[in-house]
1. Anything in the stretch 178-224 that is under 10 Å from residue 245 (Cα atoms) and of a type in the set (A, V, I, L, M, F, W, C)? List them, or say none.
2. Can you give me the ranges of the helices (runs of 4 or more DSSP H) entirely in the stretch 301-409 with at least 2 residues that are of a type in the set (D, E, K, R)?
3. From 105, 154, 96, grab the single residue that is over 23 Å from the mean Cα position of the chain (by Cα), at pLDDT 95 or above, surrounded by fewer than 23 Cβ atoms within 10 Å (Cβ to Cβ) and within 20 Å of residue 34 (Cβ to Cβ).
4. Does the stretch 50-58 contain at least one residue that is under 21 Å from residue 202 (Cα atoms), among the aromatic types (Phe, Trp, Tyr), free of Cβ contacts under 8 Å to residues at least 40 places away in the same chain and assigned to a loop (DSSP other than H, G, I, E, B)?
5. Which residues, taken from the stretch 168-195, are surrounded by fewer than 24 Cβ atoms within 10 Å (Cβ to Cβ) and not charged (D, E, K, R)?
6. Taking residue 438, is it within 30 Å of residue 213 (Cβ to Cβ) and at pLDDT 95 or above?
7. Could you check the stretch 427-443 and list, in sequence order, the residues that are part of a strand (DSSP E or B) and in contact with a helix residue (DSSP H, G or I) (Cβ under 9 Å, 6 or more places away or on another chain)?
Amino acid sequence: MRSRTVRIGAGCSVDTTLAWPQMARHGQLDYFIVDYLYEAGVAAYAAERSSDPRTGFPAEFTGAELAPWMAQLLKQKIRIITNAGALNPLVCAQALRVCMNEHGLTPRIAVVHGDDVRHVVTPEDSDMYTGEPLPQRLASANAYLGARPIAQALAQGADIVVTGRVVDSALIVGPLMHEFGWAWDDYQNLGNATLVGHLLECGPQPSGGISTDWREVDFSDMSFPIAECFDDGTAVITKVPGTGGRVSVGTCAEQILYEIGDPQRYFMPDVTCDFSEVKLEQIGPDRVRVSGARGYAPTTTYKTCCMEQQGWRGVASGVLAGPHALEKGRKTAEAIVLRAQRLATEAGLGEFIGHSIELIGSGQSQGARGQACDLREIVYRVVMDHRDQRAVEPLPRVARAAGVSMAPGTGGLLGASVTPLMRMYSVLLEKSKVRPMLTLDDDTRTVEVAVSGGFDSVSLPSSTPLVAPVPAQDPVRTVPLERLAWTRSGDKGNLSNIGVIARKAEYLPYLKAALTPRAVGQWFNHLYDGDASRARVDVYELAGLNALNFLLHDALAGGAVASRRFDTMGKGLGQQIIDFPVPVPIGLLD
């Protein structure tokens, strides 16, 4: 029986203008967690720290904008947990302490660190996806730590916990393990807690953000999610009443499938999770009960994110209007590339590593199905990479010249930048080589965590098989996938996953019959230069959610850190597949 409830509200770094005041005013929380880290963000912090060792974390976290809301949360005895420490958690916490003192507050701030493993990894370690050895010089190397240091900080009375790199869900798992007193070998409840953490870690996504049913959501007053967590391992996802989001089975299912691979092998530092039997139940307006996660022993390794600076990237984009806009945009972009290459050659800097041209508005990113014609407006985007900063520095000036020396109808330059070019490597590092640390009240201690594993994939129970695919019986109608399913896509390095969740269980056999790995690979052949034979597509089943999860290998042109595409994280792929034609019996359609 349930005897305790813990309320955890969630925010994220990309929407601080709503999350902090919403939770401070109306959340009625025990904990507020804020996720600041993602792979591309880590790359940016690594580049920043390489030029100034006092940086490497989001400066706005310790600034004037958030301080009043942080003070209000603390006065309500709401504890704050965040990974805003990024690549410099001790310095971040020091800056936060100064900020809080200026507002007359003296919270106890704990710092979780020890994730920096630049001194541990070696070129003998290899990328877990490609097998390539690590380069000699790394800008950063950070192990994804687990939740135990966070729970320990809370047990010692911390008001704010600032972490470096931990798995995102640890921000929620830590307080749940502390509050409910679950043992660290209670893998079932660790699995339940991780599921709640996975739902909350991306801020408003389970409460209507980037939902397939976006027409039903008010973006202007977006909701952030709240989890009501119970000591039996279940939870209810809800939101602040009166705000503009939406909590439904669909929005929560989309988030569960966000950025996962095999749902039975969702590897975390503290537990291996199985989400294949997760159940969602709409128990009221904006209230969804979550249950059914399973947990097993973890592995002996930490996933470790390593960044190498390989050079510099220049990006420039502009707009063209009038007849033949597509043709003018292509010619303008090609001219910018040729001019920049000519300048680099004349300066003795050699060839660019590579470049790309995108004509946004043409449908180019959608493949042949999305190609438009007779456009009257187009945005061109040029990306050029070079090992020498001097080669890319002229790109903004070259692009700006388009307004006077290139096509008629050229508007202003929409943006131009020169930034470090980073490459990410993912490594599995033995836990015995990493020392998680906790600093509180100027006392720094090692946090003892289990380094032995025990995960045995052979002993995993078989997931409940989905209903067998069946051909649609006459009479049938072919409808777009969006009518039958919700979709959500995301990235894992250079892989992208696309979750497809049936709106009704009755639709599932027809989705499975139509969406074969071969058919999905052919649908996305434009990601592989038109060669569908290069597409490797794995499909996993989640019977509890009536869902399929497709994993597209090598689909992101290098991943979020290195890709030259405007959709670096593959978030648009879920929207690309909603037009997929699915034959279904007419009698099943509303």
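1. 214, 217, 219, 222, 224
2. Values: elements: 325-346, 389-392, 395-400, 402-405.
So the answer is 325-346, 395-400.
3. Numbers: 105 fails: at pLDDT 95 or above; 96 fails: surrounded by fewer than 23 Cβ atoms within 10 Å (Cβ to Cβ).
Just one listed residue meets the conditions, 154.
4. Yes - at least one qualifying residue is present in the stretch 50-58.
5. Hits for the stretch 168-195 are 178, 180, 181, 182, 183, 184, 187, 188, 189.
6. Working: within 30 Å of residue 213 (Cβ to Cβ): no; at pLDDT 95 or above: yes.
Against the criterion (within 30 Å of residue 213 (Cβ to Cβ) and at pLDDT 95 or above), residue 438 does not qualify.
7. Taking the stretch 427-443 first, the residues part of a strand (DSSP E or B) are 427-430, 437-440, 443.
437, 438, 439, 440 - these are the residues of the stretch 427-443 that are part of a strand (DSSP E or B) and in contact with a helix residue (DSSP H, G or I) (Cβ under 9 Å, 6 or more places away or on another chain).
For (1) in contact with a strand residue (DSSP E or B) (Cβ under 6 Å, 6 or more places away or on another chain); (2) free of Cβ contacts under 8 Å to residues at least 40 places away in the same chain, each residue gets a yes or a no:
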position	(1), (2)
62	no, yes
76	no, no
93	yes, no
98	no, yes
114	yes, no
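The values are calculated or read from the model by the stated rules, or taken from the named source; none is laboratory data. None of the values given here were measured: they were computed from a predicted structure. Neighbour counts are summed over all protein chains in view; Cβ atoms, including those assigned to glycine, are modelled from backbone coordinates with ideal geometry.
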